[in-house]
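A short write-up of the structure that comes next.
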């Protein structure tokens with residue numbers, strides 16, 4: 001039988017790449033990112049990873065890529081929306097375009113992808129939509145005014161999607177990462193932090209895989225993951 005298809009947005013060197021590695025082999029994985037160069041190495045390394053350069057805020061370009069994915073790989077049965085728009089700044093210092101752009105990446109792209117892909121999942125009898133989030137989906141700290149409102153909206157949209165699509169057989173879930181992800185740049189930014197301060201991308205990917213494959217009798221919507229050393 002042909003392998004199922006998983007589409008992952010926001011494939012960068014951290015969580016996105018880890019999710020691709022976790023699904024590749026069992027799935028044909030369509031990797032989306034704005035930069036083709038970012039995807040080239042991973043596509044060359046993994047036979048089941050396929051690169052599609054795309055800005056998820058450009059609806060026409062996104063639709064064209066989705067058509068290409070369907071033609072070359074098949075119809076996705078799993079969507080992982082990992083693309084993220086973020087910026088720091090209090091509400092007095094950010095400009096409106098910062099908030100608008102982040103809303104387009106985090107929330108509107110999820111809506112567009114859901115509208116494009118979920119109907120086929122329903123028709124096929126099942127599927128999964130997993131959205132990766134973070135602490136900002138639950139609280140608006142002072143320096144996150146250009147970011148937190150869009151992640152909170154993203155989570156509520158995902159919940160609304162789950163309430164509609166769940167009874168139709170499609171699992172929609174939100175995975176919030178309440179932690180600093182272990183990346184090269186985060187290590188440089190926090191040189192004195194111990195290892196247990198960080199959440200490893202490979203462990204995040206394992207959790208996303210688990211949520212995407214939960215039995216229908218025990219689906220979760222909201223999960224929050226954090227390293228054991230995180231103070232919360």
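Derivation of every value follows stated rules applied to the coordinates shown; laboratory data play no part. What you are looking at is a predicted structure, and each value in this text was computed from that prediction instead of being measured. Neighbour counts are summed over all protein chains in view; Cβ atoms, including those assigned to glycine, are modelled from backbone coordinates with ideal geometry.
Quick notes on this one:
- For the stretch 4-50: span of alpha carbons on each principal axis (Å, largest first): 25, 17, 14
- Hydrodynamic analysis of the stretch 92-198 uses the Kirkwood radius over alpha carbon pairs. Inserted into Stokes-Einstein at 37 °C and 0.692 mPa s, it gives a translational diffusion coefficient of 212 µm²/s.
- When both the stretch 167-216 and the stretch 97-147 are represented by their alpha-carbon centers, they are found 16 Å apart.
- For the stretch 5-225, averaging the sequence separation of C-alpha pairs within contact (under 8 Å, six or more residues apart) and dividing by the residue count gives a relative contact order of 20 percent.
- At R0 = 35 Å, FRET efficiency that the Cβ-Cβ distance of residue 72 and residue 206 yields, to 0.05: 0.80
- Viscosity 1.306 mPa s, 10 °C: Kirkwood-radius Stokes-Einstein D of the stretch 1-122 over Cα pairs, µm²/s: 107 µm²/s
- Model label zone, residue 213; criterion: amide N under 13 Å from point 7 Å along Cα-to-beta-carbon; scope the stretch 1-39: 4, 22-28
- The simple spin-label model puts a point 7 Å past each Cα toward its Cβ; for residue 115 and residue 138 those points are separated by 3.1 nm.
- The slack between residue 159 and residue 185, meaning 0.36 nm per residue of separation minus the straight C-alpha distance, is 6.2 nm.
- Diagonalising the gyration tensor over the Cα atoms of the stretch 124-180 and scaling each eigenvalue by 5 before taking the square root yields semi-axes of 26, 11, 6 Å, largest first.
- Gain on full stretching of the segment that runs from residue 223 to residue 195 - 0.36 nm per residue minus C-alpha separation: 7.8 nm
- Helix axis angle, 59-72 relative to the chain longest principal axis, alpha carbon, degrees: 40 degrees
- Spin-label model, residue 35/residue 3: points 7 Å from Cα along the beta carbon direction are separated by 2.5 nm.
- Per residue, the convex hull spanned by the alpha carbons of the stretch 5-225 comes to 123 Å³.
- Label separation (residue 96 vs residue 230): 3.5 nm, computed from points 7 Å beyond Cα along the C-beta direction.
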